[in-house]
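Comments concern the structure below.
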Amino acid sequence: MTEMAHILVVDDDPAVRAMLSAYVKSGGYRVSEAGDATDAKALLTLGDIDLVLLDLNLPDANGMVLAREMMNRWGVGIVMVTERNSPEDRADGLELGADDYLPKPVFPRELLARLRKALDNRVARPAGGGSQQRWRFNGWSLDPLNRFLLDDQGEKVDLTPAEFDLLSILAGRPGRLQSREQLMSALGSDDGESGTRSVDILVSRLRKKLGDGDHGRMIETCRGHGYRFAAEVRRE
């Protein structure tokens, strides 16, 4: 897969985008470029993209939300290349499912080495990685790629896009405590008190639709910290 793999470079800075594209081309890869999320999605819809070098600071999208959409909808690999280099940002990106996370400025040899590793690792996985699997828990079946939830009778459950995204984030990391701030960032929610309230409201709505709490909670509240998905998740 590494030979003539097709890499999409997404960065809103033309100079940085050109530099990254030159690095990638020097490794023998095909390259396409996009300056924002709209152009990136248009190119992905055409198909034939193996991996995306994604800047998280784009003018028309939250980078974390865009990365999740790219993985779930198109099944591409993601290497985040960004100026956001706090430990929290790096952890959020990797926990979201990115293949790698590189802070700017990047060095050509390191970038190419990480690209090769990311592409080689994806060869052993089905197209789209784990995103084409069904996630099963407590009688429910969640399909992250096609974005639907089935109950124990096989009937689709009506979820809003934000509810589905939150359930995917929580169920995708079972047993792990996720702070409200982490969830806000992954959902592209506003910072501050309004953002934390929106997370709490979404959790409340999800619990009602899942019947969560009738016999123990699937989505546990960790007071003062955040939420944890307590149910066992099987991926099939």
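Only Cα pairs under 8 Å and at least 6 apart count here; give the relative contact order of the chain as a rounded whole percent. Spell out each step's value before the answer.
Values: 377 pairs, mean separation 35.5, N = 236.
The normalised contact order for the chain reaches 15 percent.
Quick check on packing: order 218-226, 36-44 by the mean number of other C-beta atoms within 10 Å, highest mean leading.
Numbers: 218-226: 14.2, 36-44: 17.4.
Per-residue mean Cβ counts within 10 Å order the peptides as 36-44, 218-226.
Which value in deg cm²/dmol, rounded to the nearest 500, describes the helix-derived mean residue ellipticity at 222 nm for the chain, given -39,500 (n - 2.57) per DSSP H run of n ≥ 4 and division by the residue count?
Values: 8 runs with 92 residues, N = 236.
Here the helix-only value at 222 nm equals -12000 deg cm²/dmol.
What does the C-alpha gyration tensor say about the overall shape of the range 6-129? Classify as rounded when a/c is under 1.5, otherwise prolate if a/b is larger than b/c, or oblate. Before the final figure, lay out each step's value.
On the way: a/c = 1.07, a/b = 1.02, b/c = 1.05.
Rounded.
Count the lysine pairs in the chain that are 8 or more places apart or on different chains: how many have C-alpha atoms under 26 angstrom apart? If you can, show how the numbers build up before the last one.
Details: K25/K41; K25/K104; K25/K117; K41/K104; K41/K117; K104/K117; K156/K208; K156/K209.
The number of close lysine pairs in the chain is 8.
Where a number appears in this text, it was derived from the coordinates with a stated rule and is not lab data. A quick note: this is a predicted structure, and the numbers were derived from the prediction, not measured. No Cβ is skipped: glycine too gets one built from the backbone with ideal geometry, and neighbour counts run over all protein chains shown.
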